[in-house]
1. Rounded, prolate or oblate: which one fits the stretch 6-80, using the alpha carbon gyration tensor with axes a ≥ b ≥ c (rounded when a/c is under 1.5, else prolate when a/b beats b/c, else oblate)?
2. Points 7 angstrom from Cα along the Cβ direction at Val68 and Glu18: gap in nanometres?
3. Give the long-range amide H neighbours of Ile73: residues separated by 5 or more places, or on another chain, with amide H under 5 Å away, using H modelled in the peptide plane at 1.01 Å from N.
4. What list of ³J(HN,Hα) values in whole Hz, one per residue of the stretch 53-68 in order, does the Karplus curve 6.51 cos²θ - 1.76 cosθ + 1.60 (θ = phi - 60°) give from phi, with Gly and Pro shown as x?
5. In a shell of Cβ-Cβ distance under 13 Å around Asp45, excluding Asp45 itself, what net charge do Lys and Arg (+1) and Asp and Glu (-1) give?
6. Quick one: which residues, 5+ away or cross-chain, put their amide H under 5 Å from the amide H of Thr54? H built at 1.01 Å from N.
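Each reported figure results from applying straightforward, stated rules to the coordinates on display, with no laboratory input. Small disclaimer: the values here were computed from a predicted structure and weren't measured. Cβ placement follows ideal geometry from the backbone for every residue including glycine, while neighbour counts extend to all protein chains displayed.
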Amino acid sequence: MALRSFVRILKRAQRDLEALAPAERKRLGDQIQALASDPSPRGFDTMHGQQSLTLRVRVGRFRICYQVREDEIVIVTVTSGIRPHANAPEPLTPCSSPESGERRIH
């Protein structure tokens, strides 16, 4: 039998959960409880950048961000939605060459 960790939900994450519809809240709540026995479920990933100690797992269109500590799982935030520009290429921007006066696209 796997060891279970204590799950602590920060106030911000609690507010995020309370704002959801009951069905969504239940689905995310089930996943949060599952993190207590398996803090690295299938599909989990680490956050990049300054929050490298923070992990994330997707549940449908939602992302649960959490940290694993010695004896507890800390739910940091629950975010939703699709970020339309997350993987989009940078837009082409015109620039001018001062020598020739011509415009190029980078």
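1. rounded
2. Each label point is offset 7 Å from its Cα along the Cβ direction, giving 3.0 nm.
3. Correct list: Phe6, Val7, Arg8.
4. Karplus-based 3J(HN,Hα) across the stretch 53-68 equals 7, 8, 9, 9, 9, 8, 10, x, 8, 9, 10, 9, 9, 8, 10, 9 Hz.
5. That works out to +4.
6. Those qualifying (amide H under 5 Å, at least 5 residues apart or on another chain) are Met47.
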